[in-house]
Amino acid sequence: MRRRLQANAVLGAALVGLLLAVIALGFVWTPYDPIAIDLDHPLAAPGLAHWLGTDEFGRDVLSRAMLGARISGAIAAGVVTASVTLGLAIGLAAGFFGRWVDRVIMVLNDAVLAFPGILLALALMAVLGPSYGSLILALSVAYLPSVVRVVRASVLSIREREFVEASRVAGDGRLYTLLRHVLPNALPPVVVLATSLFGWAILAESALSFLGVGVPPPAPTWGNMLSSARPYMERAEWLSIAPGLCIAISLLGVNMLGDALRDWLDPRSET
Amino acid sequence: MTAPLLRVRNLRIEASNAPERPPLLADLSFDVAPGEFVAIVGESGSGKTMAARSIPGLLPLGVRRAGGSIFLDDRELTGLAPEALRAVRGREVGMVFQEPMVSLNPALTIGRQLAEGLKLHERLRDSEIRARCLEMLRRVQIADPERCLSAYPHEFSGGMRQRIMLASVLLLKPRLLIADEPTTALDTLSQREVMELMVELAAQAGTAVLLITHDLGLVARYARRVVVLEKGLTVEIGAAREVLVAPHHPYTQRLVASLPRRPAARAPRPSGRPLLEVRQAAIDYPGKTGLVGRAPPKRVVNGVSLTVGTGEIVAVVGGSGSGKTTIGRAVLGLKSLAEGAVVFDGVELAGMDRRQLRQFRRQAQLVFQDPYSSLDPRMRIGDTVGAPLRHNPDLTPAARRERVRQALEDVSLGGFEDRLPHEMSGGQRQRVAIARAVVSRPRLVVADEPVSALDMTIQRQVLELFQRLQAQYGFACLFITHDLGVVEEIADRLYVLAAGSVVEEGATEAVFDSPRHAYTQALLAAAPSRMAAAVSVA
């Protein structure tokens, strides 16, 4: 058990570290200008000049993937932070205070949940206009209801545990009980959800880009690199492989780190 | 002497991934004759459940039989192929488990679940299966067997479910019935019903019974022979009565000595102004919310009055659903009253202002039943115990730490401040809960079944600790329990609660020696720990 925990933590941290390093490096150096068009060398196969090849406009895939890491990573991180923070607050309130607070929150929550997330984000983007900020906002709103549901469910079961009642007998206020006893015990499932959200956000951003309301070209994201590579799947497979691998590796890292974090949050992991 | 039905020889069970550790069960040998009632007694970790499960080959993952043999008649069960073993299960060896709440499938009707075994093991027409199921349900005294067949498990109480479980096992007329703590989850009265039924039906069908239990009371009342296990080792084996009356092994002696019993003399309590008064209390639970509106509230406590004097131990006794836990919560202001009043030290709880309420919280504490759920798994023991002191402005942090240290010393857990709950045993955790309750030097402690989740010997330790602290600090105590043995040992007075009302009250000796109400009489007759204590004294 402990060995698995460490493997998770080490490998996860290594992969996420690699992702951060690539992003950092992208600020100071990329092999080429990520948006410079070179129509003399379109769809060049990976080689010495272009390590990961070039796309249909002759842009260097490696440089674009490095810049894409920054944009995709920032969007995903923003979405996860916003939806988890808000979701925690709303879910805690609904689960802990119950009664009408819970009723009102859950009716609204279920109303939002009734729309497909991507449709909702699409509509919001249409209203807000394209920008990174509105992209993060739109996706956060789309994912918020599931976070609220998970937090609330977990709070509902913790609320019934006797140590919560013990806190009342000790004379603690409700807010103190909520923050000191309920919140920490409600975190583990949220951590797992948050790591999944990270992946969903990257993919959802690509879907929105594909529909023309995501990050506008020529700025690269892993998502829009992937969708623009689709027509060239047979002639230039490296165009899909590069961003695909980037997504896969970073998701693996984030998920492993999430698992490790969950284990670490579990008091039983201490010896 | 007839040939034994079941012969277990030199059975050894160990954890498959750690054979170097001491085995979970070592060198267990015993016989069960046809129709005989044998009990295996032990505390948690004694290996008693493993012994039971190994017979039909149902050991959990990660645990394996490392040696020994199990014969049913002359067939060696351990060597059987999975196919052949499946034919033995149910057909020849039936098993009843501890948790009636989870051992029936909630998604299937009772009828389907009863018929399952018959369909597997016998060729019968549907009408015949139905007839046999109805007959069996009648024999386990289910009121309306026809309706029961098409009902789902959640429609029945724990005791009824356990009877249905029993019916489904006995339908196949097994020759050996293994019952693993079959009544531990039930209250005293249903426990007695289920046990009596089991004994009666087994006797009628000539079924041998192997009872796995921690409860010496059940052994005293029902078993002919007993095997006593401690940490996987057989410490004593013999006729039940002899083992209980004259135990040879020190462990068995300790087990028998840990049974609660009436003290020779009770110190008289000062009778002053009552510290706590409950006047004509009625408590409702809100009705279930349906599609439209809410069902009317359900009254669980009705017109209950009780008093607790300063320094007095008063027991509230009742079966599950009697409302005793609810009263304990109401006394602490955790549950509001629909009618009536709770008065603490002359002040009505409902009328207290913030300052008074804060003071009340320091003076009234609670010990819970389940030591696994009452401690925050993320909080260190020192913080948990110190929690009630957080609202005492007169204490400096150093004084607070000193109080916590003192409280932990009091419960013999000195130096445990930095531990986490999961690093401790159930008994240790319950002592932590008691330390938390006494750290603020309360005048009233409500103890809700504080020992019923604990093993016998641990129960003894905790009870003694509780009495010692009570004598030392002189707090009054409202002791909520279903265990009459414990009441007889520690309570000065008691209230008997049935269906939300007090049916009898009085001094402990008076009520125990001449109970007036029929319900009290039934409770006393069903109390297993008193039974065993009586046997072992005789």
- [ ] First obtain the Kirkwood hydrodynamic radius of chain A from its Cα pairs, then insert it into the Stokes-Einstein equation at 25 °C and 0.890 mPa s, and state the resulting D in µm² per second as a whole number.
- [x] 120
Open item on the list: Taking amide H atoms as placed 1.01 Å from N in the peptide plane, list the residues 5 or more away in sequence, or in a different chain, whose amide H sits under 5 Å from that of B:V446.
Closed with: B:Q365, B:L366, B:V367, B:L478
Open item on the list: List the trypsin sites (Lys or Arg not before Pro) within the range B:41-127 that DSSP assigns to loop and that have no more than 15 neighbouring Cβ atoms inside 10 Å.
Closed with: B:R123, B:R125
Task: Compactness index (Cα Rg / 2.2 N^0.38 Å), the protein assembly as shown - done: 1.17
- [ ] Could you sort the residues of the range B:418-439 by number and keep only those whose accessible area is reduced by 40 Å² or more in the all-protein-chain setting relative to the chain alone, 1.4 Å probe?
- [x] B:H422
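Sequence gap of 8 or more, or different chains, plus Cα separation below 22 Å: how many lysine pairs satisfy both in chain B?
On the way: B:K48/B:K231; B:K119/B:K173; B:K288/B:K298; B:K288/B:K324; B:K288/B:K335; B:K298/B:K324; B:K298/B:K335; B:K324/B:K335.
Final tally of qualifying lysine pairs is 8.
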Task: Cα-only Debye scattering, the range B:19-158: base-10 log of I(q)/I(0) at q = 0.10, 0.13, 0.17, 0.22 Å⁻¹ - done: -0.47, -0.77, -1.14, -1.40
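How much area per residue is accessible in the protein assembly as shown when the probe is 1.4 Å and only protein heavy atoms are counted (Å²)? Could you put the intermediate results ahead of the total?
On the way: 36400 Å² over 809 residues.
Averaged over the residues of the protein assembly as shown, the accessible area is 45 Å².
In whole Å, what three semi-axes, largest first, describe the equivalent ellipsoid of the range A:227-271 built from its Cα gyration tensor (square root of 5 times each eigenvalue)?
Values: eigenvalues 297, 9, 5 Å².
Taking √(5λ) for each eigenvalue gives 39, 7, 5 Å, largest first.
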Open item on the list: Just to be sure I understand: if you take the accessible area of chain A alone plus chain B alone and subtract the pair, with a 1.4 Å probe, what total do you get in Å², rounded to 100?
Closed with: 2300
Open item on the list: Residues of the range B:81-118 with backbone nitrogen within less than 13 Å of a virtual label 7 Å along the Cα-to-Cβ line of B:Y152, please, listed as ranges.
Closed with: B:105-110
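Under a Cβ-only charge scheme (Lys and Arg +1, Asp and Glu -1), can you give me the dipole magnitude of chain B about the Cα centre, in debye to the nearest 20? Before the final figure, lay out each step's value.
Details: 68 positive and 59 negative charges, 172 e Å.
It comes to approximately 820 debye.
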Task: Accessible area of B:K231 in the full protein assembly, 1.4 Å probe (Å², nearest 10) - done: 150
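For A:F27 and A:A77, what does the FRET efficiency come to when R0 = 22 Å and r is the distance between their Cβ atoms, rounded to the nearest 0.05?
Details: r = 16 Å, r/R0 = 0.72.
Plugging the Cβ-Cβ distance into 1/(1 + (r/R0)^6) gives 0.90.
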Task: Residue (of B:P34, B:S69, B:N105) at the positive-pole extreme of the range B:19-118, dipole from beta-carbon charges - done: B:N105
TODO: Note down the accessible area of B:D418, probe 1.4 Å, to the nearest 10 Å².
DONE: 120
Task: Percent breakdown of C-alpha pair distances by 5 Å bin, ordered from the shortest bin, for the range A:167-246 - done: 3, 13, 15, 13, 11, 7, 7, 7, 7, 6, 5, 3, 2, 1, 0
- [ ] Taking all protein chains together and a probe of 1.4 Å, list A:T221, B:T325 from the most accessible to the least accessible.
- [x] B:T325, A:T221
Task: Other-chain or far-sequence residues with amide H under 5 Å of B:K335's (modelled H) - done: B:A330
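Given a 1.4 Å probe and heavy atoms of the protein chains only, how would you sort A:W222, A:W200, largest accessible area at the top?
From most exposed to least exposed: A:W200, A:W222.
With charges set only on the Cβ (+1 for Lys and Arg, -1 for Asp and Glu), what does the dipole of the range B:456-518 come to about its Cα centre, in debye to the nearest 20?
Numbers: 4 positive and 9 negative charges, 36 e Å.
About 180 debye.
So if we plug the beta-carbon distance of B:E76 and B:H517 into 1/(1 + (r/R0)^6) with R0 = 60 Å, what FRET efficiency do we get, rounded to 0.05?
On the way: r = 55 Å, r/R0 = 0.91.
My answer for the efficiency is 0.65.
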Task: Dimensionless Rg/Rh of the range B:285-357 - Kirkwood Rh, Rg from C-alpha atoms - done: 1.03
Open item on the list: 7 Å from Cα along Cα→Cβ at both B:S452 and A:D40: what's the point-to-point distance in nm?
Closed with: 8.8
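Just the Kirkwood number for the range B:393-461, please: inverse of mean 1/r across all distinct Cα pairs, in Å, one decimal.
13.1
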TODO: Using a 1.4 Å probe and counting only protein heavy atoms, arrange B:E99, B:E230, B:E504 so the residue with the most accessible area comes first.
DONE: B:E99, B:E230, B:E504
Task: Distance (nanometres) between label positions extended 7 Å along Cα→Cβ at A:A248 and B:A350 - done: 6.8
TODO: Can you tell me the equivalent ellipsoid semi-axes for the range B:441-536? Use √(5λ) from the Cα gyration tensor, largest first, whole Å.
DONE: 22, 17, 12
- [ ] Scan around B:I178 for amide H atoms under 5 Å from its own, H built in the peptide plane at 1.01 Å from N, and keep only partners 5 or more places away or cross-chain.
- [x] B:G94, B:M95, B:V96, B:L210
Open item on the list: Between helix B:397-410 and chain B, what is the angle of the helix's C-alpha long axis to the longest principal axis, kept within 0 to 90° and rounded to the nearest 10?
Closed with: 40
Open item on the list: A drop of at least 40 square angstrom in accessible area, chain alone versus all protein chains together, probe 1.4 Å. Which residues of the range B:374-390 meet that?
Closed with: B:D376, B:P377, B:R378, B:M379, B:R390
TODO: Quick one: grab Rg to one decimal and Dmax as a whole number for the range B:27-101, Cα atoms only, in Å.
DONE: 12.9, 36
Open item on the list: Run the helix sum for chain B: -39,500 (n - 2.57) per DSSP H stretch of 4+ residues, divided by residue count, reported at 222 nm to the nearest 500 deg cm²/dmol.
Closed with: -11000 deg cm²/dmol
- [ ] List the pair-distance distribution P(r) of chain B, using every Cα-Cα distance, as the percent of pairs falling in each 10 Å bin from 0 up to the bin containing the longest distance, rounded to whole percents.
- [x] 3, 16, 24, 25, 18, 10, 3, 0
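Using the Kyte-Doolittle scale, which helices in chain A average at least 0.0 and also have C-alpha atoms spread 27 Å or more along the helix axis, with helices defined as whole DSSP H runs?
Span-like helices here: A:2-28, A:61-97, A:132-159, A:183-210, A:238-265.
For the pair A:S157 and B:R123, what calculated FRET efficiency results from E = 1/(1 + (r/R0)^6), where r is the Cβ-Cβ distance and R0 = 60 Å, to the nearest 0.05?
Details: r = 46 Å, r/R0 = 0.77.
Step by step, r from the Cβ atoms, then E = 0.85.
Beta carbons within 10 angstrom, averaged per residue: use that to sort the peptides B:238-244, B:157-163, highest first.
B:157-163, B:238-244
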Open item on the list: List the residues of the range A:168-212 for which accessible area in the full set of protein chains is at least 20 Å² lower than for the chain on its own; 1.4 Å probe, protein heavy atoms only.
Closed with: A:R168, A:V169, A:A170, A:G171, A:D172, A:Y176, A:R180, A:H181, A:P184, A:N185
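Counting only protein heavy atoms, what percent of the accessible surface of the protein assembly as shown is carbon or sulfur at a 1.4 Å probe?
Numbers: 21290 of 36400 Å².
Here it works out to 58 percent.
The values are calculated or read from the model by the stated rules, or taken from the named source; none is laboratory data. What you see is a predicted model; the values in this text were computed from it and never measured. Every residue, glycine among them, receives a Cβ derived from its backbone with ideal geometry; neighbour counts consider all protein chains shown. Surface areas here come from the heavy atoms of the whole protein model, side chains and all, with no ligands, DNA or RNA. Shrake-Rupley method; radii C 1.70, N 1.55, O 1.52, S 1.80 Å.
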